[in-house]
Amino acid sequence: MPVVLYVRAFLGLLLLLVATLMAARLPLGVGFNSLIALAIAAAKALIVVFYFMHVRFSSRLVQIWAAAGFVWLLIMFGITLADYIVRSWAPIAGWQ
Amino acid sequence: MSAEIAHAPALHHEHLSHQFEDIEQQRESYVVGMWAFLVTEIMFFGAVFLAYTVYRVLHHAAFYEAHKQLDIGLGTINTFVLLASSFTMALAVRCAQVRSRRGQVVFLGATLSLAGGFLVIKAVEYSHKFAHHLFPGQAFHYPDAAIADQARLFYSLYFGATGLHAIHVIAGMLVIGAMLVRALFDRDAKQDYMPVEMTGLYWHFVDIVWIFLFPLLYLIPK
């Protein structure tokens, strides 16, 4: 992989770091601010995975392995949060 | 007979182990094996992130108040330091691929120094937290009694997550140090570059964990 790609990836990461600091100051409301912060973090992670970890230029098998961990993480978060978030919708005695 | 096979042009490679068909298959096996390990690491940190997320959803206002004692300046500097260390690590891997011994020594050394810098800044932050009784131990004391329990939870998660991350940084430094020694002794730059590549994959993973920890802990919106 040519050096210029690594330099571009690093500059992209620094830009996103500045972006996340600036976005944190915008008064957009808790949900939206959190969402933007996580989206920027995910973009940074993708740059690291695709370029620094060479996944963009790796074989299909490696790409599937790289995706697997994050996909299962999303399943774990999705199902757990679906539980915790809807608990308050219909309070039941004895439940938090 | 065996000498003939060993010198068959398409099959022979100086770093090829006998159980692999060719060097490409061997390299892919290395990378897949490393990613399999990283998947277990993703799930390991994933549980920590999930615990944090659940409690932040439940106690958002208190977490917002408690996070104000964290130093965003130091957190930002540390994010920059770790991103820079990932960049120098990527360059070290490239130097290993093109067999530049000097480049490897320079960039592995730079990565090691940046990782050390990260730990020093982290130690400064930790010592501030201890001084302000924010470590969730016997001496924990939070000024606002109404949210002291939630603040304690926040700081338990803060120390737990960043502490686990710091242990990973230390482990990474040991391996990077080993690669640095290996490069120093590799006078003819003849060694396989894959161990450096594997070290890089691990180090970039440690960087990714921090990429998520930073906004979650330091940049909680009101």
| When the convex hull of the Cα atoms of segment A:30-88 is projected onto a plane and the area is averaged over all directions, what value comes out in nm²? | 4.8
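Residues of A:2-9, mean number of Cβ from any other protein chain within 10 Å of their own Cβ, rounded to a whole number?
Other-chain Cβ atoms within 10 Å of each residue's Cβ, averaged: 3.
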| query | With axes computed from alpha carbons, what is the tilt in degrees of helix A:3-25 against the longest principal axis of chain A, rounded to the nearest 10 within 0 to 90? | reply | 30
| field | Radius of gyration, Dmax [the protein assembly as shown; alpha carbons; angstrom] | value | 22.3, 82
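Please return the longest range in chain B lying between exposed loop sites, taking GluC sites (Glu not before Pro), DSSP loop only, at most 10 other beta-carbon atoms within 10 Å, and leaving the sites out.
No qualifying site falls inside B:22-222, the longest such stretch.
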| Per-q log10 I(q)/I(0), segment B:175-222, q = 0.25 Å⁻¹ (Debye; single scatterer per alpha-carbon; no solvent) | -0.89
| note | Ratio for segment B:38-84, C-alpha Rg to 2.2 N^0.38 Å, reads 1.45
| query | Across peptide B:205-215, what mean number of C-beta atoms from other chains lies inside 10 Å of a residue's C-beta? | reply | 6
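Using Cβ contacts closer than 10 Å as the measure, can you line up B:SER113, B:SER17, B:SER156 from fewest to most?
B:SER17, B:SER113, B:SER156
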| Which of the lysines could a cross-linker span from B:LYS129 if the Cα-Cα distance has to be under 19 Å and same-chain partners fewer than 8 positions apart are dropped? | B:LYS68
| request: Under a cut-off of 16 Å between alpha-carbon atoms, report the aspartates and glutamates in cross-link reach of B:LYS190, not counting same-chain residues fewer than 8 places apart. | output: B:GLU14
| For segment B:82-99 and segment B:161-204, distance of Cα centres in Å | 11
| Square roots of 5 times each gyration tensor eigenvalue, C-alpha, segment B:117-222, largest first, Å | 38, 14, 9
| Per the Cauchy relation, a quarter of the hull surface: what is the mean projected area of the convex hull of the alpha carbons in segment B:1-139, in nm²? | 13.1
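Values quoted throughout were computed directly from the atomic coordinates according to the rules given, and no laboratory measurement underlies them. Note that the structure is a prediction, hence the values are computed from the model and not measured. Ideal geometry is used to build each Cβ from the backbone, glycine not excepted, and the neighbour counts take in all protein chains shown.
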